[in-house]
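The values are calculated or read from the model by the stated rules, or taken from the named source; none is laboratory data. The structure displayed is predicted, hence computed values, not measured ones. FYI the Cβ positions are ideal-geometry reconstructions off the backbone, even for glycines, and counts take in every protein chain you see. Areas reflect the complete protein model, heavy atoms only, side chains present, ligands, DNA and RNA absent. Shrake-Rupley method; radii C 1.70, N 1.55, O 1.52, S 1.80 Å.
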Amino acid sequence: MRTKFIMRKSIYLLSFCLLAISCSTENSSETPEKTNLNSEQRLLQETAILFGKLLTDPEVKTALNNKMKEVDKDANIVSFAYLLEEEGGLRKNEQAMFKKQINNLRKQNIFKNALRKEFENNSNDYTTIKEIVDKNLTSKNNFRSTAFIADELTNLLVSQELQIFFPYDPEYENDDQNAQEYYVSFDPLNNSQTNIGFQFNTGYRDYEIINNLDNNFLDNNPVYVIVPIDPCDIAGRPCDFVDLQPAPIDDITGILLPSIIPQITNSPFPVTNLLTINTNHNNIQEDDVISSYIPRIQINGTDWMGFGGTHQKLRFFRGTADGTVTQNANGTITATGNEYTVKDFRCKRKYLKRDKKWLDFTAEFDPDWNMSENTQVMAVFSLHNLAGSASTELTAKAGFKLEGDKIKPNAEASGSVKINLSVGSAIFRSNAEMSRRQILATIVGPGSTGQTINDNNTEYNIKKIGIVDYYFKHFYTDL
């Protein structure tokens, strides 16, 4: 049961709990305008309330839903730039439709008109927005005329690169986006997984304040969230992330189609045999080649995502002892550690839960997993718009032995190495140390997780790191 604390805007000195397990200790006299937010957060909060009031007009709400359908196949996201018919600040997927309709844009834009009227009549309800608009008008020596105010308000929302996100999928609820009761909220900009929200009913300007909304609530209720546009989605912006797509499924059987055999780019030898049986790693010597590849992953839920996130962004690392070999004073033999980026990627929120999918990862883990790399470590960071960095220390093991005066690879561990990772604007999520022995012994079958995935009629063992499921394919070349 979800705990909610609801306060009437007009009587904020009295708070009470609905559906409560326990009551909050939060100061009941705080309205949204009095909460401890910085200027950016206040701007988004006021925009959310303003937008919520616009949607109380059924005509505006219907027009919004139609605009979402025009530019997004999921009909759940649209930029303020597109709504307000401003070319600057469009999402990439909105450009073509904008250009197609540029000669047919309405002279009386319903959103601009509704926005102008609400702000003109109730500007004192939006103190942060009002301060910015007034400052901009003063700097341009413009009067507070209706036209200038409307232009500055439009410029503000577009320049902030904001969008409206509607993560709820009515298909699952036998409902539609025209539900009379709806909510608005906003990205808190601090990666929190909860935030305040505002409950409206179509036709009524008053709203109720709902505390502690979370991502599960967004997925299961009609909530419009005001969020910044991901830079990867803004026209003209570079993006270093690969967008993962769902693995293809047979239309008749509903079974996943075989993953594509990869091109192992860094292997110095031709890739020959795909291993589809569990294998004793002692039988694959250092002179042979094992190229390891992750074809697909599945992310289970939104626990690594901030409130209202449109995409999950992750970075996978591999840490291994493949550097300079040293015989230590205590008799152990180690190699220096190195880290490698496996892949930076992002995927749509809906593929994590409501429409959870296996995603085509198509990433090389190690072009040649040597016997001397007794264990390797995979680490995962979630990437956010955060200040500072996240760090962790990984441990991997080398495998060597001393034969006479020579150090040679060996199937047994000979010493450990520490590998330090630091990633900016990120949160460290999980790591998993994997032995070569265990990985090759559990290529197929239930293994320790008890789960498998069918890929081209082979039941590969599903492995886990945090909330991510994945599996390996290994290609063997006998030299």
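Label reach from Ser416 (point 7 Å along Cα→C-beta): in segment 330-361, amide nitrogens under 15 Å belong to 332-335, 337.
Each of the peptides 335-342, 40-47 was scored by the mean count of other Cβ atoms within 10 Å over its residues; in descending order, highest first, they stand as 40-47, 335-342. The spacing between segment 369-435 and segment 439-467, judged by their C-alpha centroids, is 22 Å. May I ask you to derive the FRET efficiency for Val242 and Asn121 from their Cβ-Cβ distance with R0 = 51 Å, giving the value to the nearest 0.05? After rounding, the FRET efficiency stands at 0.65. Scattering from the chain was approximated by placing one identical point on each alpha carbon and applying the Debye formula without solvent; log10 I(q)/I(0) at 0.05, 0.09, 0.10, 0.14 1/Å stands at -0.26, -0.73, -0.85, -1.29. Taking Cα atoms only, the orientation of helix 58-71 departs from the longest principal axis of the chain by about 30 degrees. Here the peptides 78-90, 419-431 are ranked by packing, the mean other Cβ count within 10 Å, and the order with the highest first is 78-90, 419-431. Please report the antiparallel percentage of the DSSP beta bridges confined to the chain, to the nearest 5. Given both bridge residues lie in the chain, the antiparallel proportion sits at roughly 95 percent. Note on Asn338/Ile260: beta-carbon distance plugged into 1/(1 + (r/R0)^6) with R0 of 25 Å gives a FRET efficiency of 0.35. Cross-link pairs exceeding 27 Å in C-alpha to C-alpha distance, out of Lys92/Lys350; Lys73/Lys130; Lys313/Lys353, comprise Lys73/Lys130.
Treating only the Cβ atoms of Lys and Arg (+1) and Asp and Glu (-1) as charged, compute the dipole magnitude of the chain about its Cα centre; round to the nearest 20 debye.
660
Shape analysis of segment 242-476 yields a ratio of the Cα radius of gyration to the Kirkwood radius, Rg/Rh, of 0.99. Round to a whole number: what % of the accessible area of segment 242-476 belongs to carbon and sulfur, probe 1.4 Å? Here it works out to 47 percent.
Accessible area per residue for segment 39-233 is 44 Å², calculated with a 1.4 Å probe on protein heavy atoms, without ligands, DNA or RNA.
Peptides 308-315, 253-260, 200-207, ordered by how many other C-beta atoms sit within 10 Å of their residues on average, highest first, read 308-315, 200-207, 253-260.
Return one whole number: the accessible area per residue of segment 301-352 in Å², for a 1.4 Å probe. Per-residue accessible area for segment 301-352 comes out at 35 Å².
Each Lys and Arg contributes +1 and each Asp and Glu -1, all at the Cβ; summed about the Cα centre of segment 39-233, the dipole is approximately 920 debye.
Accessible surface of segment 39-233, 1.4 Å probe: 43 percent of it comes from carbon and sulfur atoms. Looking at Val423, Phe316, Trp358, which one has the Cα that reaches farthest to the positive end of the dipole of the chain (charges on Cβ: Lys, Arg +1; Asp, Glu -1)? Working it through, the farthest residue towards the positive pole turns out to be Val423. Farthest toward the positive end of the dipole of the chain, out of Leu44, Leu383, Thr336, is the Cα of Leu44, where the dipole comes from beta carbon charges about the Cα centre.
For the chain, the residue among Ile439, Ala150, Thr279 whose Cα projects farthest onto the positive side of the dipole built from Cβ charges is Ala150.
Measuring nothing but how far apart in sequence close Cα pairs (under 8 Å, 6+ apart) lie, relative to its length, the chain scores a relative contact order of 14 percent.
Mind listing which trypsin sites (Lys or Arg not before Pro) in segment 337-381 are in a DSSP loop and have 16 or fewer other Cβ atoms within 10 Å?
Here the trypsin sites (Lys or Arg not before Pro) that fit, given the DSSP loop and packing criteria, are Arg354, Lys356.
The orientation-averaged shadow of the Cα convex hull for segment 39-233, equal to a quarter of the hull surface, comes to 11.1 nm².
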